[in-house]
Amino acid sequence: MFFRYLIITFFIVIGLSAYAQQQPQDVVFHLNTHLLSGKKILKVKRDFNDYYVWVLAENNQVYRINSQTLVVDDYTASFAAYNTFKFTDIAGHSADTAIVVANTPNLIEYQSGTIRLFSSSDGIPGNVNSVGEDLGFGLNNYTSKGKMIFATDNGLRYLDLNTQQIQYLADVSPYASNSGVAAGKIYEATYRTETYKDSVADDASGWATDTMRYLPVSFYADDALEVSYIFEDDNQFGSDVNTVVNVNNFVYSSNPTFASFFWGTSKGMSQNYPAYSSNYAQSPHFHYLDGIKVNKITNIYGLTGFDYSYSSPAIKQNLLVGTDQGFYFSSSTYNRNLGWPLKFSLFHDDELGNVVINDINVNAEPNAKPICENGVWLATNDGLYLLKPDYAAYFNNQQQSSISFKNESNTLAEVQICSGTSITATANNGYTNIQWYKDGSELPAASNDTLAITQPGDYNAVIYDPCADVHMESNHLKVDMVSSPVFTFNYPDVMQYCDSTSKTLSATYSPAYSYRWYWNGVIIGNITPSITVTQPGRYKVEVSACNGNWVPSKEVQVIFNQITVPVISIDKPAYCMGDNATLTISAPADPTNTINWYRGNVLLPDNTNKTSLVTNIAGSYTVTVVSKTINTDGTICSQSSLAQVISFSPVPQVSIQQTNNATLCQGQTTELKAIHTDGSVMWSTGENTDQIQVATAGIYKATLTTPAGCTADASINVAFFPNPVLSINDTTMCTYKNQALKLTAPSGFAQYTWNGQPGNQFYTITNPQTVNLTVTDANGCQASTQIHVTEQCPNVEIPNAFTPNGDGINDNWKIDGLNNTATINVFNRYGLQIYQSKGYATPWNGTYNGTRLPGGVYYYVIKNNNGKQTFSGSVTIIY
C-alpha cells in the first residue's frame, strides 16, 4: 500500500518578503439570491452530478433547493422522527437521497421518501460528526462513486448507498488503511477534492522541537491519497480547527508540490506549503484574519473555458473564506507554482457586511466540460445567499447598449416619472447572469432581466458569465422624478351626522392639480376639490400633479345616523277589562340609543330602553328613540312613533251544562250546552253550535267571543267509566263419564247473568254447549262473553275398580295411556299415601308395604305428559 507523508513543522517566521507578494483583486461577487431569510443556516452541500442543494438549518430544519429554479422544498417533516437528536451535518447524493448526522453513533438516511437509521449494529464505530459524498480514487473523473464518507470519534467509514453496507476505507480505496481508530473529521468533500482527518497518517509529534501540536490531514490527489500536517497551538494558530482545505494550483494535479494547506480556527486562517516541510521547526507559512473566527475555507475555479487542458494563465482559482465577520475571498491562486508559497490578498465582501458565515459550497454545472463553477452558496445566520462570480470585469470590460425602458424606444435614455410610480428597465442579452447598479452602486439581489425602478437615479447593468471571459457594462438609463402634490384633507377618520343632512368635504385647491373622488372604493364623477356628501360610506380624494400619478388622501368614514322610525304593534286587536296589553316596537334595543315611552305626553320612566311595554291602563301611547351620540356638528338625532290608542271592553260570561248527569259508560253519549251572553261560541272540538254531543271522556272548552273581540271560556270535564274486562277461556268435557263441569267467572262484579238467568260467580253444566255470560260492575257498566264448551275425552283410560283376589282376573289396577313420565299417587280416605309410582310399567296389585289392603274406596292423583295432563278420582278394591 502506497502513502505519501508530508511532515511540516515551523514557528512563526518574519520576513518572507520573497514569498509575500500581494496580489490584486481579480474577481467580484454579485449577490444573486437570498433564500430562507432570518433562519440560521448551519450547512449547505451540493456535489457531483446533481442539481439539488441540501441545506441544514438550526432546530433540525432540512431543506432541498433546486439550483436552477431556486424552488425551496421543506423536508423537515421527513426527519421529524429523530427530533430528539441535534443535527450537525448533512450531505446530499441526489434529489431523492440525503444523509444527516447528529454527533451520535448513527446515520439518518433519507431515500425516496423512506427514512433509515444506521447504528453501531450496522458497523458505525462511534459518534458521527461529519459526512460528505466520497470523491474516491481517480480525481479526473469528477463523478460520484455512490458512497458517502463519514467521520466518527473512532475513525472514518463509508456507506455504500447501493448495498446499504458500512465499509472500511480500505475496502474501497487502495490508498487507505483500516488501522485508524482515532477521531476523524471530514473537512471538504466535493466533486473535485476531498480532505479529512484520520489516523492513517503517521504521528509527527516525535519530531516536534517546539510547543506546537501536529494534526495529520489526508487528501486525494489524482492518483493517490496524500497526507500532510497542519498545526495547532494555544497562541497564533489556535487549537480548534474548524475547516481545512488543500488547494492545488492546477485543476488536475497529482503532485502535491504545488499545493497549499489552508485551515481556520477561532484565531484566524493559516497557510503552509507541504513541498517545503521538513523535520525542523521553521517552514514557510502565512497567517491571515488574525483574531477572526474562520468557519469554512474552500475555493472556486473561474474562466476554465479558456483552455480544456486547464493550463492557461487566465484561469482563476480563488479562496473563499467564511468567518464570524463576513465573507472574504482571495486573489487567484491558480498556476502560481514559481516561488511558492505565495501570500494571497484577501478582500471583504462589504455588500454582505459582517453576517456570520457558517458554511460555503461552490455551485458547479453538472457534466460541464470544461468545468463551470458559476456560484457560491453561503450558509449564514440570516438565511442562504447565492453569489455569482464575475472575473472578466478585470481584463475584458466591454460596453454594450443592452438595456432599455420597457415598451419604450431603445434610444430613449432618460425618462421622467411621478413620485410613487415605477418604470421597468429591461436587459436584452444572451447570457444568464446580470447585475443591476444605481448611481454606480450594486443593487443587492437585483439579478433578473428586468428591474422595477421607483427612485430617481442613474441605472446600468453588468452582464457577465461566471465561466467565460464575458463582462459587459450596459448603457446608462436616467430616471427623474416629479414630486407628489402637497395638499391637506384634515377630517376625523369617522364623522357622524343625522339622516337627511349633508356634509361637504374639501381638499386644498391648486390650479396645477387634478382631482378625483372615491366612494366605497369606486371612482365617482366629481373632479373638483370639494364634494357634498349625502350618502354614508368611505370617502377619499386623489390628487395628481403628474400625468398618470395620483396621490390618495386618507379615507374617511361618513356615517348618517339613520334611526328607524319606531312603529308600535299590539299583541291583540282588542282588549277586555282585566287584560294586559303588550305594546312592542320593531327595532331591537341599541346601546347607542335611548328608548322613551309616553302615555299622552307623560314620560313612563320605568319603561326606558325597553322595546315592549305591558299595561292595563287605557290611553294614547307613543315612543321616541334618541341617539346617545353627539354628532360631529353637535346635534343629537331622534325619531318618534305614531300614537297607539289602547281601550278595554267588558268581559263576556259563559258556562257549560251537561244535560245527562247519570253514570256514563264507554260507548254512551251525553249532550253539552253552552249558556252565555251575547256572542258566538267555538268548542274545543271545532264545532260552533251552542249544543254538542260527546262520546269520549275529556275536558271540553267553549270559547265565547263578543262582537268587540273580547273572549271568555268555560271548561267541563266529562268522565266515562270504563266497561269491565271479561275473558274466560273455552274448555272441554267428557260426557260419557257423566261428568259435570263447573264454570267460574272472575270475582268482584255486582251481577252475573248466565244464559240470561241471574246467578253468581259459578255455573255448572252437564253437557257441551255455548254459555253466554254478562257481568255488571259497581258503576253499572257491563261486559259480555261466550264460553265454548266442547266434547273431549282424555286418551288415558283409568278403571274405577279392580279385584285383587288372586283368581287371575282383574287382579291389578291396569291404566291405559300413561307414558314413562307419569306419576301415580294413591291415598286412603284418611289422606295416607298408600301407593306411589314414577312410570307405570308394573300395575298396582292393591297392597301396601306387602300387605293386602282391605276392600273399599281409595283416591288417586295422576299426572301424565310431564304434568300437562292431571287426573284425579277414586278407585274401589273389591274381593
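Work out, step by step, the length gained on full extension between Val725 and Lys868: first 0.36 nm times the residue separation, then minus their alpha carbon distance; give nm to one decimal.
Computed gain between Val725 and Lys868 is 48.7 nm.
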Between Gln691 and Ala95, with labels modelled 7 Å along Cα→Cβ, what's the label distance in nm to one decimal, could you check?
10.1 nm
If you place +1 on the Cβ of every Lys and Arg, -1 on the Cβ of every Asp and Glu, and leave all else neutral, what size is the dipole of the range 678-805 about its Cα centre, to the nearest 20 Debye?
460 debye
Can you give me the long-range amide H partners of Asp26? Hydrogens built in the peptide plane at 1.01 Å from N, cutoff under 5 Å, separation of 5 or more residues or another chain.
Ser332
Toy charge model, Lys and Arg Cβ at +1, Asp and Glu Cβ at -1: the range 415-551 dipole around Cα centroid in debye, rounded to 20, equals 820 debye
Considering the Cα trace of the range 529-659, what is its radius of gyration and what is Dmax, both in angstroms?
24.8, 102
Rounded FRET efficiency, nearest 0.05, which uses the C-beta distance separating Thr592 from Tyr513 and R0 of 41 Å:
0.60
Packing rank of 638-646, 701-709, where each peptide gets the mean count of other beta carbons within 10 Å, highest leading
701-709, 638-646
How much length, in nm to one decimal, is gained on full extension between Gln164 and Asp233, taken as 0.36 nm per residue of separation minus their Cα-Cα distance?
20.8 nm
List the pairs from Lys316/Lys438; Lys39/Lys197; Lys267/Lys343 whose alpha-carbon separation is above 25 Å, in the order I gave them.
Lys316/Lys438; Lys39/Lys197
Can you pull out the chymotrypsin sites (Phe, Trp or Tyr not before Pro) in the range 785-840 whose DSSP state is coil and whose Cβ has at most 15 other Cβ atoms within 10 Å?
Tyr830
Express the accessible area of the range 548-639 per residue in Å², computed with a 1.4 Å probe while the remaining protein chains stay in the model.
53 Å²
Which residues qualify? For Tyr288, with a placed amide H closer than 5 Å and at least 5 residues away or on another chain, they are Met269, Ser270
Taking only the alpha carbons of the range 85-140, the radius of gyration and the largest Cα-Cα distance, Dmax, both in angstrom, are 12.0, 38
Explain nothing, just compute: Karplus ³J(HN,Hα) = 6.51 cos²θ - 1.76 cosθ + 1.60, θ = phi - 60°, for every residue of the range 777-783 in order, whole Hz, x for Gly and Pro.
8, 5, 8, x, 8, 10, 8
In Å, what Rg and Dmax follow from the Cα atoms of the range 666-730?
16.6, 66
Ordered by residue, what ³J(HN,Hα) values in Hz, to whole numbers, does the range 862-879 give under the Karplus form 6.51 cos²θ - 1.76 cosθ + 1.60, where θ = phi - 60° and Gly and Pro are x?
10, 10, 10, 6, 6, x, 6, 10, 10, 10, 9, x, 10, 9, 10, 9, 10, 10
Could you tell me what percent of the accessible area of the range 744-852 is made up of carbon and sulfur, with a 1.4 Å probe and every protein chain present?
45 percent
Starting from the Cα of Thr876, step 7 Å along the direction of its Cβ; do the same at Ile523; then give the gap between the two resulting points in nm.
13.5 nm
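Want the number for Gln668 to Ile636: 0.36 nm per residue separation, take away the alpha-carbon distance, what's left?
Stretched out fully, the Gln668 to Ile636 stretch lengthens by 4.1 nm.
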Residues with amide H under 5 Å of Trp519's amide H, sequence separation 5 or more or different chain, H placed in the peptide plane at 1.01 Å from N; which?
Ile524
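The values are calculated or read from the model by the stated rules, or taken from the named source; none is laboratory data. Because the structure is a prediction, the values reported are computed rather than measured. So basically every Cβ, Gly included, is an ideal-geometry build from the backbone, and we count neighbours across all protein chains shown. The protein model used for the area step is the full one, side chains on, heavy atoms only, and it has no ligands, DNA or RNA in it. Shrake-Rupley method; radii C 1.70, N 1.55, O 1.52, S 1.80 Å.
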